[in-house]
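> Next up is a structure, given as structure tokens.
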Amino acid sequence: MSPTVPLPSAEPENPLWQQEARRQFPIVIAHPELAYLDSAATSQKPRAVLEAVQTYLTTSNANAGRGTYPWANRTTELVESTRDRIKEFLHDPEPDRSGVHFTSGTTEGLRTVARDWLVPCLADGDEILVPYGDHRANLDPWIEARRLLAERGVQVRVQALPYQTGSGDYDHRALDRAVGPRTRFVAATHVHHVYGGDMNVHRIREAVGPDVAICLDAAQSIGHLPVHVDDPSLDVDFVVFSGHKAMALPGSGAIWARNARGPEFRPDGWQGTPNTTGIVSLKAALDWLDTVGPERVAHWTTLLATRLTDRLGRLGSYEVLGCQASLSADSTLAAAQRRRGIVTFRHHDIPSDDLGFILFSHGFMVRADNLCQAGADARDASVRVSLHVYNTVEEIDRLLSVLASLA
Ligand code: PMP
């Protein structure tokens with residue numbers, strides 16, 4: 001279970017810390033007529049990140065791990081210290097930084113874990129559990145791993161991680177039954193990119209026991225809530241995330257491997273030149289996020305999502321998908337803690353892509369398609385509002401009044 005997030009109050013106002021945080025985003029303050037509500041796709045970048053990249057490129061741009069002159073040494077030092085920064089951000093107390101690997105994002109990270117760690121680990125008859133209803137980036141690599149193994153004559157059984165109907169959460173009781181003596185690995189998601197729910201990863205660990213490896217797709221949780229690997233309730237072996245969703249530049253991201261598994265995990269082959277500017281931006285982004293505080297971000301975005309969900313539910317013409325819908329009916333503390341800053345919905349009559357266009361004509365940038373959910377096609381399109389620290393109560397209320405006029 002993720003750290004406790006206070007229950008949202010009924011009538012939030014933008015607190016001073018949030019106003020100050022919002023002011024750090026040049027693109028946001030330059031466009032007060034627009035509302036960026038697509039942070040699950042990518043986040044906006046604070047001034048500190050933009051400045052760190054500019055400073056690096058204008059003072060010490062060079063390649064990492066190659067030259068011996070000062071700019072090259074400085075670049076190498078920046079890359080290596082970012083590994084430490086990632087460990088610190090994730091509360092990994094181990095000093096060994098060899099378990100942190102840079103990637104271009106979550107998709108490449110998950111593919112790397114599948115190809116370079118899972119495939120060599122599995123033997124004939126082993127079983128893995130994978131999420132068929134999450135982002136396809138967290139399904140395709142595991143299916144590909146099965147194919148690669150089959151080519152070598154190793155047959156692995158891929159089972160679907162079971163889901164509860166309606167809530168969007170995994171079905172942890174059914175999971176208990178799905179786990180067997182040959183289960184070796186589970187791929188899970190921390191926060192669902194469509195349903196906005198915290199997927200209760202601690203329950204997966206309870207079901208599989210200590211010896212099964214768990215790989216966590218943290219694309220929607222890093223930067224949005226504390227992700228602390230020293231927390232016994234987040235006992236996972238890999239954390240994979242994208243920098244660009246956590247305020248850093250596109251093309252940056254990382255795999256964190258727990259040291260118990262880390263030594264076994266060596267991404268294959270020559271890695272080439274790292275994305276130095278992306279790595280510099282990632283370090284600055286994690287610094288900035290730690291200053292603001294992921295707990296506060298979690299509290300704030302949950303509060304806005306709650307306001308949107310509850311009021312949308314009362315309009316009558318909208319279906320809120322996944323756990324957001326069930327939470328309106330169930331306002332217990334435990335349920336409210338599972339709600340995160342993503343709200344996905346459909347209008348009963350207006351197709352979602354049309355609704356996306358209508359909302360943009362009013363200045364709202366939302367996602368309106370099948371959201372890259374595994375197995376979904378154009379008929380499953382929906383509208384997703386995804387929030388970050390820069391979003392405000394006014395934006396949510398303006399959006400609600402447009403949605404109400406369409407109801
Ligand atoms: N997993 C989840 C849960 C996501 O939301 C996304 C991006 N929408 C990804 C994986 C893929 O991330 P990226 O495109 O940065 O590789």
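The values are calculated or read from the model by the stated rules, or taken from the named source; none is laboratory data. If you're wondering where the values come from, they're calculated on a predicted model, not measured in any experiment. Glycine gets a Cβ as well: all are built from the backbone with ideal geometry, and neighbour counts include every protein chain shown.
> Filter the stretch 249-266 for residues that are within 16 Å of the ligand (Cβ to nearest atom) and either in a strand (DSSP E or B) or closer than 16 Å to CYS121 by Cβ (or both) and give the result.
Those that are within 16 Å of the ligand (Cβ to nearest atom) and either in a strand (DSSP E or B) or closer than 16 Å to CYS121 by Cβ (or both): GLY253, ALA254, ILE255, TRP256.
> Keeping to the stretch 267-311, report how many residues are of a type in the set (Asp, Glu), in a helix (DSSP H, G or I) and over 30 Å from LEU403 (Cα atoms).
2
Residues checked against (1) within 16 Å of the ligand (Cβ to nearest atom); (2) assigned by TED's automatic domain parsing to the domain that holds SER361; (3) closer than 18 Å to PHE241 by Cα:
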position	(1), (2), (3)
PRO26	no, yes, no
ALA30	no, yes, no
GLU33	no, yes, no
THR42	yes, yes, yes
THR59	no, no, no
ARG74	no, no, no
GLU88	no, no, yes
ARG97	no, no, yes
PHE102	yes, no, yes
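> Further question: Within the stretch 360-384, restricting attention to residues that are within 30 Å of GLY293 (Cβ to Cβ), hydrophobic (A, V, I, L, M, F, W, C) and out of contact with any helix residue (DSSP H, G or I) (no Cβ under 6 Å at 6 or more places or on another chain), which residue is surrounded by the fewest Cβ atoms within 10 Å (Cβ to Cβ)?
Among those that are within 30 Å of GLY293 (Cβ to Cβ), hydrophobic (A, V, I, L, M, F, W, C) and out of contact with any helix residue (DSSP H, G or I) (no Cβ under 6 Å at 6 or more places or on another chain), it is MET365.
> In the stretch 268-286, how many residues are crowded, with 16+ Cβ neighbours inside 10 Å and either in contact with a His (Cβ under 8 Å, 6 or more places away or on another chain) or not hydrophobic (A, V, I, L, M, F, W, C) (or both)?
7
> Taking the options ALA334, ALA381, name whichever one is modelled with pLDDT under 95 and within 22 Å of HIS224 (Cα to Cα).
After ruling out the rest, the residue left standing is ALA334.
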